[in-house]
Amino acid sequence: MSAHIIDGKAFAASVRSDVAKDVQSLKQKHGITPGLAVVIVGEDPASQVYVRNKVKQTSEVGMNGFHFEYPADTQEEEVLQKVHELNNDPAVNGILVQLPLPDHMNETAIIEAISPEKDVDGFHVVNSGLLATGGKGLVPCTPLGCYLMLKDHLGDLSGKKAIVVGRSNIVGKPMAQLLLDASCTVTIAHSRTKDLPAEVAQADIVVAAVGRPEMIKGDWIKQDATVIDVGINRIPAPERGQGKHRLVGDVEYATASENAGAITPVPGGVGPMTIACLLKNTVTATYRQNDIKK
Ligand code: NDP
């Protein structure tokens with residue numbers, strides 16, 4: 001049987017539409033327009049594409065977008081100065097510093113300089129601490145998007161066996177925390193995991209965040225499991241012409257679709273949800289900073 005395809009593009013559109021309603025209500029009832037500031041350093045082409053999309057979608061939902069671009073050889077001090085300025089600017093409710101930063105910069109120092117209340121990427125140690133202790137912080141956008149898709153598709157996650165493959169600070173670890181919070185029994189797998197196929201085979205929920213094309217094989221997937229594929233891998237596609245590429249996930253999609261109950265495609269699954277959740281976090285931050293209950 002073929003799996004249900006979880007349409008991240010459609011779901012992201014519905015999240016954005018809810019955000020737009022919140023923005024409208026903040027404007028009308030409170031005279032507040034949420035503002036998101038994006039800081040980008042250097043010319044990394046993938047980052048440029050992400051930032052362009054972020055800026056476009058910010059204005060589409062009616063928020064103010066502030067965009068600051070610096071050349072790759074900018075001194076760390078200058079970026080820190082901008083972060084401090086944005087922390088103190090009441091028109092800015094969310095701050096995002098696009099990663100990766102150039103090698104000469106201390107990424108941690110810059111992220112930790114962002115006020116936790118404005119840290120809409122959810123990477124500040126205060127926000128990861130709040131997530132780990134069940135507090136109300138800002139949750140990293142990609143795992144938040146995965147979690148919302150799982151809730152939407154499965155409803156109550158309580159008691160389900162979940163595996164998160166990957167333990168990065170931006171995806172794997174916060175994803176595992178969210179699933180634990182939802183009362184799943186959670187396994188976190190990584191490059192030293194002994195028998196990954198056997199671990200994956202037990203899971204009702206598989207979240208793959210590895211960064212290796214189609215590494216998780218379809219025949220590892222338990223019958224009717226829900227599969228969320230975070231991976232975005234660019235592989236050569238000579239069938240599309242010389243020098244052409246295509247995107248694939250971390251899961252072997254065609255075969256996994258035969259076993260899974262539901263699966264996210266790549267592209268069109270987790271990817272679109274990430275920016276939608278960034279906008280959602282900016283609205284959440286705006287409500288909290290102004291002490292307004294939704
Ligand atoms: P990282 O490289 O930071 O982490 C990868 C993780 O995978 C590590 O924990 C690593 O283990 C683990 N891993 C590597 N090889 C294996 C293996 N053979 N078996 C099991 N685990 C393994 O990546 P990110 O978390 O930043 O990103 C993961 C993927 O998600 C990438 O493809 C990235 O492009 C994508 N991504 C997509 C986003 C979206 O919006 N859709 C947003 C962010 C990321 P160890 O810790 O032991 O080294």
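At a glance:
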| quantity | calculated |
| --- | --- |
| ³J(HN,Hα), Karplus 6.51/-1.76/1.60, whole Hz, each residue of region 120-129, x for Gly, Pro | 6, 7, x, 8, 5, 4, 5, 6, 5, x |
| Förster radius 25 Å - calculated FRET efficiency between R192 and T133 (Cβ-Cβ, nearest 0.05) | 0.40 |
| FRET efficiency, E60 to A109 (Cβ-Cβ, R0 51 Å, nearest 0.05) | 0.95 |
| Spin-label pair M215/K244, simplified geometry with 7 Å Cα→Cβ offset, distance in nm | 2.8 |
| Volume per residue of the C-alpha convex hull in the chain, rounded to whole Å³ | 139 |
| Three-way shape call for region 141-272 based on the alpha-carbon gyration tensor, with the a/c threshold at 1.5 | prolate |
| Highest to lowest packing among 35-46, 136-147, scored as the average C-beta count within 10 Å | 136-147, 35-46 |
| L179, L196 arranged by Cβ crowding within 10 Å, fewest neighbours leading | L196, L179 |
| Among the listed pairs K29/K173; K21/K54; K54/K161; K21/K161; K161/K244; K29/K54, those beyond 30 Å (Cα-Cα) | K29/K173; K54/K161; K21/K161; K161/K244 |
| Across K9/K293; K194/K222; K160/K194, pairs whose alpha-carbon gap is larger than 25 Å | K9/K293 |
| Cα long-axis angle, helix 45-60 against the chain (0 to 90 degrees, to the nearest 10) | 70 |
| With Cα atoms, 0 to 90° folded angle of helix 76-87 axis to the chain main axis | 80 |
| DSSP beta bridge pairing in the chain, given as percent antiparallel to the nearest 5 | 10 |
| Most mobile of A203, A225, A13 in a GNM of the chain (Cα contacts under 10 Å) | A13 |
| DSSP beta bridges in region 162-294 [antiparallel fraction, %, rounded to 5] | 20 |
| Cysteines without a disulfide-compatible partner [the chain; Cβ-Cβ under 4.7 Å] | C146, C184 |
| Nitroxide proxy distance, nm - points 7 Å out along Cα→Cβ at F68 and A254 | 4.8 |
| Protection proxy ranking of 214-223, 237-246 - average other beta-carbon atoms within 10 Å, highest first | 214-223, 237-246 |
| Cβ-based exposure ranking for V125, V206, V248, in which fewest neighbours within 10 Å come first | V125, V248, V206 |
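Only the coordinates and a few stated rules stand behind these numbers; no lab work does. Just so it is clear, the structure is predicted and the values come from calculations on it, not from any experiment. Glycine also receives a Cβ, built like all others from the backbone with ideal geometry; neighbour counts cover every protein chain displayed.
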